[in-house]
Amino acid sequence: MLDGFKTPVTHIRPTFFAQWLTYPGQVANIKKDGVIRLPFGEGRHAPIAAEDQGRVIAAILREPEPHAGKIYPLYGPVEMNHHEIAAEMARALGRDVRYEPIDLELFKKRLDSDSKFSDTFAQHLLSVALDYQNGVFAGTNNVVADITGEPPMTVETFIRKHAAAFAD
């Protein structure tokens, strides 16, 4: 598949990045009261670190021919819900962290009151939350390990690596 280009094209489709766990709003809530508040219900995904995605991209760029025309969904090593993600974070940080699901209406109110989000982006985030609840982001595979020779990092490993973001 060339997608209209004369050079080989490979598509990567990562699930939710592990990096969202270190976004300032998440970090502030975890530092303040040890809580992740999102409207993801009991949905699941396997968080993937940008570092792991980068290793996949670098491997593809080093040797593009075997990957030409391929589509690679990228997942972390373990599919989890947010209660399990919070437990991994707690282990890594040595403090209590829990997931407190909120409903979509409260999430929408928070997005609407935050001036840094356009209406279009807020609608996108609401759609993503609904898709998440409905299992759209679930799954895992071995693509990262197969392409790079190394497994992707776990949430606990990722949080330990980025623990400075959570320091007081």
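Each value in this text was obtained by applying a stated rule to the coordinates, not by laboratory testing. This structure is a prediction, so every number in the text was calculated from the model and none was measured. Cβ atoms come from the backbone with ideal geometry, glycine included; neighbour counts cover every protein chain shown.
Quick rundown of the values:
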quantity	calculated
With Cα atoms, 0 to 90° folded angle of helix 24-33 axis to the chain main axis	40 degrees
Mean Cα-pair separation over length for the chain, i.e. relative contact order, pairs under 8 Å, 6 or more apart, %	34 percent
Dipole magnitude (debye, nearest 20) for segment 66-146, charges at Cβ of Lys, Arg, Asp, Glu	180 debye
Exposure proxy ranking, count of Cβ atoms within 10 Å, fewest first, for Glu156, Glu88, Glu150, Glu100	Glu150, Glu100, Glu156, Glu88
Loop-exposed chymotrypsin sites (Phe, Trp or Tyr not before Pro) per DSSP, neighbour cap 16 Cβ within 10 angstrom, longest uninterrupted part of the chain	6-116
Potential extension, Ala58-Asp103 segment - 0.36 nm per residue separation minus Cα distance	12.3 nm
Highest-MSF residue in the chain out of Gly41, Gly76, Gly25 [GNM, Cα springs under 10 Å]	Gly25
Pairwise FRET efficiency - Ala164 versus Asp131, Cβ, R0 = 25 Å, nearest 0.05	0.20
Spatial separation of Cα centroids for segment 93-113 and segment 119-145, in angstrom	16 Å
Segment 26-145: Lys pairs at Cα distance under 25 angstrom, eight or more positions apart or on different chains	7
Given the chain, longest segment not containing exposed loop trypsin sites (Lys or Arg not before Pro) (DSSP; at most 11 other Cβ within 10 Å)	7-115
Antiparallel DSSP beta bridges within the chain, as percent of all bridges there, nearest 5	10 percent
Cβ-defined net charge surrounding Leu104, 15 Å radius [Lys, Arg +1; Asp, Glu -1]	-2
Taking the C-alpha atoms of segment 73-168, convex hull volume expressed per residue in Å³	143 Å³
Net lengthening on full extension, Phe117/Asn141 (0.36 nm per residue, minus Cα-Cα)	5.3 nm
Residues with amide H under 5 Å from that of Leu74, placed H, sequence gap 5 or more	Arg13, Thr15
